[in-house]
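The values are calculated or read from the model by the stated rules, or taken from the named source; none is laboratory data. Model, not experiment: these values are computed from the prediction. As a convention, Cβ positions derive from the backbone with ideal geometry for all residues, glycine included, and neighbour counts pool all protein chains shown. Surface areas here come from the heavy atoms of the whole protein model, side chains and all, with no ligands, DNA or RNA. Shrake-Rupley method; radii C 1.70, N 1.55, O 1.52, S 1.80 Å.
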Amino acid sequence: PLQAGEYYNGRLYAQTLVYSEDYSSYIVNSFVSINPETGQRTTLNSTSSGTLQNVRFMDMAFSYRDNVMYSLIRKETGPTLATIGLIGASAGKITDIGIINDGPIRYATLACHLSGELYAIGDDGFLYKIDIDNLKAIQIGDTGVRIPDVSGGVIQNTQTMAFDHNTNVLYWACEDGN
């Protein structure tokens, strides 16, 4: 299955996972580019190269202002913001920027406005604006939805969020336990 995807320049970029037979665990398989018209996948990075081992993307967002693909990565040390190369020799290369807030809030989603501003939803159900320069999360408001299944500081279920750049509306798809 696909995990954490983002559309840019006519291609869908996503991380792929391979689940165990009983679906109780998974391994990260690859970072791919997909042609949405044909479904053809191109592997940009894989676990066989060693660079994707233990790196699970929570969500991805493309900054059209900065021409950068961002990823929110699940790590034991905390929610990490990173960039992902898309073309040439840097295709699939992950570069950590740092841990967001280094605090108790864990983030499940990531979206980027056309202005280049990054937004995330925390496990407390609040919308946050992420300051890319200092990796501080600024609380915007309560969504009224709490993200369930937080175990040991790790969000268990998948979320996604994206802006409709034509209307400036931010959409969030989540599993709220109901």
- Checking Phe163 against (1) open to solvent by 30 Å² or more (accessible area, probe 1.4 Å); (2) within 16 Å of the chain's Cα centre (by Cα); (3) over 27 Å from Arg41 (Cα atoms); (4) at pLDDT 80 or above, which test does it fail? (3)
- Task: Using the structure shown, decide if Ala89 is within 30 Å of Pro104 (Cβ to Cβ) and either at pLDDT 75 or above or open to solvent by 40 Å² or more (accessible area, probe 1.4 Å) (or both).
- Result: no
- Message: Need pairs with beta-carbon distance below 7 Å; first residue farther than 16 Å from Asp131 by Cα and within the range 62-82, second open to solvent by 10 Å² or more (accessible area, probe 1.4 Å) and modelled with pLDDT of 85 or more; sequence gap 6+ or separate chains.
- Response: Tyr64/Leu114
- Message: Considering only residues that are more than 14 Å from the chain's Cα centre (by Cα) and under 18 Å from Thr83 (Cβ atoms), which ones fall in the range 9-18?
- Response: Asn9, Arg11
- Query: Name the strands (runs of 3 or more DSSP E) wholly within the range 81-136 that hold at least 1 residues that are within 23 Å of Val32 (Cα to Cα)?
  - Reply: 94-99, 118-121
- Message: Being open to solvent by 30 Å² or more (accessible area, probe 1.4 Å), of a type outside the set (Gly, Ala, Ser) and at pLDDT 90 or above is true for just one of Leu110, Leu118, Leu127, Leu44. Which residue is that?
- Response: Leu127
